[in-house]
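Student: Quick one: the structure is below, and I'll ask about it shortly.
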Amino acid sequence: MKTELCDCCGGTAQVVRRNYQLTDMGIPVELQRIKVIECPACGNVDPIVPNLDGLMHVLALAVLCNPCKLNGEEVRFLRKYVNKSAVEFARFLHLDHTHLSKIENNRLEIGNRTDKLVRLMVVNMDPKLEDGIKRLMELMPNITDNCAEEKQEIQIDPATGEYQYT
Ligand SMILES: [Zn+2]
């Protein structure tokens, strides 16, 4: 088995290939079969995330094409993806930024049309998302506007760039 030195304690850590839940994206994401450095001595677990830029792109597409209305975490993820402050983003949407902040914190449900406007804006703000426009347009009439239950996890295979919802 391949080993590496642990970043945390300097001990010998094992490199294993497994699914890994990303916790720092703000939305539930599981990467499929990536290399993970696991240290048996101190318990440190360090994922080796390949091609982070490409991964963010796939993730943005997955959120944009979510068949259910966006929740607060997803709106925040998309806003950050296009590098907009809450004030700037709210201005595009013609919303008060405190209103946007309530949406992002799930204290207020996003309006059905605001949901669509957010998606259309974001898909047009990043030229790399151009391939998502057609898919989003096909999906648009069929987005479910009342999704009460928890959002599903997005599973991404970084090797193929494919994603699915669990
Ligand atoms: Zn360690």
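The values are calculated or read from the model by the stated rules, or taken from the named source; none is laboratory data. Note that this is a predicted model, so its numbers are computed, not measured. Cβ coordinates were reconstructed from backbone atoms using ideal geometry, including for glycine residues, and neighbour counts include every protein chain displayed.
Student: Just checking, how many residues over segment 31-61 are more than 16 Å from the ligand (Cβ to nearest atom), in a loop (DSSP other than H, G, I, E, B) and among the aliphatic types (A, V, I, L, M)?
Tutor: Counting residues in segment 31-61 that are more than 16 Å from the ligand (Cβ to nearest atom), in a loop (DSSP other than H, G, I, E, B) and among the aliphatic types (A, V, I, L, M) gives 1.
Student: Let me ask something else about it. So Asp24 ticks every box in (1) among the acidic types (Asp, Glu); (2) more than 16 Å from the ligand (Cβ to nearest atom); (3) surrounded by 14 or more Cβ atoms within 10 Å (Cβ to Cβ) but one. Which box is left unticked?
Tutor: Among (1) among the acidic types (Asp, Glu); (2) more than 16 Å from the ligand (Cβ to nearest atom); (3) surrounded by 14 or more Cβ atoms within 10 Å (Cβ to Cβ), Asp24 violates only (3).
Student: Among the candidates Glu138, Glu130, Glu74, Glu88, single out the residue that is in contact with a Lys or Arg (Cβ under 8 Å, 6 or more places away or on another chain) and part of a helix (DSSP H, G or I).
Tutor: Unique residue meeting the criteria: Glu74.
Student: I've got another one for you. Scan segment 59-69 and give yes if some residue there is out of contact with any Gly (no Cβ under 6 Å at 6 or more places or on another chain) and over 16 Å from Gln152 (Cβ atoms), otherwise no.
Tutor: yes
Student: Another question, then. Read through the list (1) more than 16 Å from the ligand (Cβ to nearest atom); (2) surrounded by 13 or more Cβ atoms within 10 Å (Cβ to Cβ); (3) polar (S, T, N, Q); (4) more than 27 Å from Leu117 (Cα to Cα), then give the number of the only condition that Asn66 fails.
Tutor: Among (1) more than 16 Å from the ligand (Cβ to nearest atom); (2) surrounded by 13 or more Cβ atoms within 10 Å (Cβ to Cβ); (3) polar (S, T, N, Q); (4) more than 27 Å from Leu117 (Cα to Cα), Asn66 violates only (4).
Student: Another one. Taking only segment 1-21 into account, find how many residues are assigned to a strand (DSSP E or B) and either loosely packed, with under 14 Cβ neighbours inside 10 Å or at pLDDT 95 or above (or both).
Tutor: Number satisfying all stated conditions: 12.
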